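Quick notes on the structure that follows.
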Amino acid sequence: MERLKGKVAIVTGSTSGIGVGIAKLFAAEGAKVVVCGRREAKGQAVVDAIVKEGGEASYHFMDITDTSSIDALFKDTAEKYGKIDVLVNNAANVALKDGRVDELTVEMWDNIFNSDMRGTFYAIKAVLPYLKENKGGSIINIGSMASCGGDLGSTAYACAKAGVDMLTKSTALQYGKDNIRCNCVRPGLIVTPDNEAHVPQVLKDIFLNNIMVNRYGCPEDIANMCIYLASDESEYFTGQVVTVDGGLNAHVSTVGQFKEMKSRTW
């Protein structure tokens, strides 16, 4: 349980959902974790839970749409802990109104891109000097399976997350010489304490019918992949977009229907 011992890790958007799972597992593996987001009370609760389990963590305010708060996050972290080893770009706004191309306004499009694409870009840009000073590090972007293919809605969100996929590859290529790795994790349907009551059962059923491991994902599934990417075990692994979705996107679109028909292949 010491795969991240001695490392300083920042997990953005770690006051709820997947970010909480990543922050807690990082701390359990020995990292000093900076929990950050806009909701101080929730962030401090995550810190308290980590400390109670014997880990080390602190809270820092951050708004992914505010570049000054991102700058302050990295500056204060480096001053407090002496370095930065890992950045997990998890913060994003998935609650913003989205829809079909004809339904979206330019303002809706810009709001989602400011949060999910621009914010991730700026966080990477701002952390690079600290990782270079540290002689290397790992950047982990949290993408989305929404970027795997076209959908009937969530157009701007899917496009922003597809941009994160390519930003990951460009960052890995440009800074590999500095021993800085960059990878992207695309979660499938992840059911968390925060969203479970808001995910309609019919949607859960559709997903479960196409997931190959017979259960929904949980934050720990994403956190386990992030542990590998943050650790020295993945020092030869960079520029990759890894989909952690229980096999949801690993098959042709008719599989769910064949399962319902109890096809001989099942």
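Counting only residues that are over 16 Å from the mean Cα position of the chain (by Cα) and among the basic types (Lys, Arg), region 100-124 holds 1 of them.
Restricting Asp221, Asp205, Asp194, Asp165 to those that are of a type in the set (Asp, Glu), out of contact with any Phe, Trp or Tyr (no Cβ under 9 Å at 6 or more places or on another chain) and not in a helix (DSSP H, G or I) reduces the list to Asp194.
Have a look at Ser234, Ser170, Ser144 and point out the one that is at pLDDT 90 or above and within 18 Å of Leu25 (Cβ to Cβ).
Working: Ser170 fails: within 18 Å of Leu25 (Cβ to Cβ); Ser144 fails: within 18 Å of Leu25 (Cβ to Cβ).
It is Ser234.
Taking (1) touching a residue at least 40 places away in the same chain (Cβ under 8 Å); (2) farther than 28 Å from Lys5 by Cβ; (3) not in a loop (DSSP other than H, G, I, E, B) in turn, Cys226 satisfies each apart from (2).
When region 229-266 is limited to residues that are basic (Lys, Arg) and assigned to a loop (DSSP other than H, G, I, E, B), the one that is surrounded by the fewest Cβ atoms within 10 Å (Cβ to Cβ) turns out to be Arg264. Each residue in region 9-23 was checked for being closer than 21 Å to Asp232 by Cβ and either touching a residue at least 60 places away in the same chain (Cβ under 8 Å) or of a type in the set (S, T, N, Q) (or both), and 4 of them qualify. Within region 39-91, which residues are in a loop (DSSP other than H, G, I, E, B), buried (at least 22 other Cβ atoms within 10 Å of the Cβ) and in contact with a helix residue (DSSP H, G or I) (Cβ under 6 Å, 6 or more places away or on another chain)? Correct list: Met62, Ile64, Ile84, Asn90. Among residues of region 234-260 that are at positive phi, those with a beta-carbon under 9 Å from a residue that is surrounded by 15 or more Cβ atoms within 10 Å (Cβ to Cβ) and small (Gly, Ala, Ser) at least six positions away or on a different chain give the pairs Gly239/Ala172; Gly246/Gly188; Gly246/Gly217; Gly247/Gly188.
The values are calculated or read from the model by the stated rules, or taken from the named source; none is laboratory data. Worth saying up front: this structure is predicted, and the values here are computed from it rather than measured. So basically every Cβ, Gly included, is an ideal-geometry build from the backbone, and we count neighbours across all protein chains shown.
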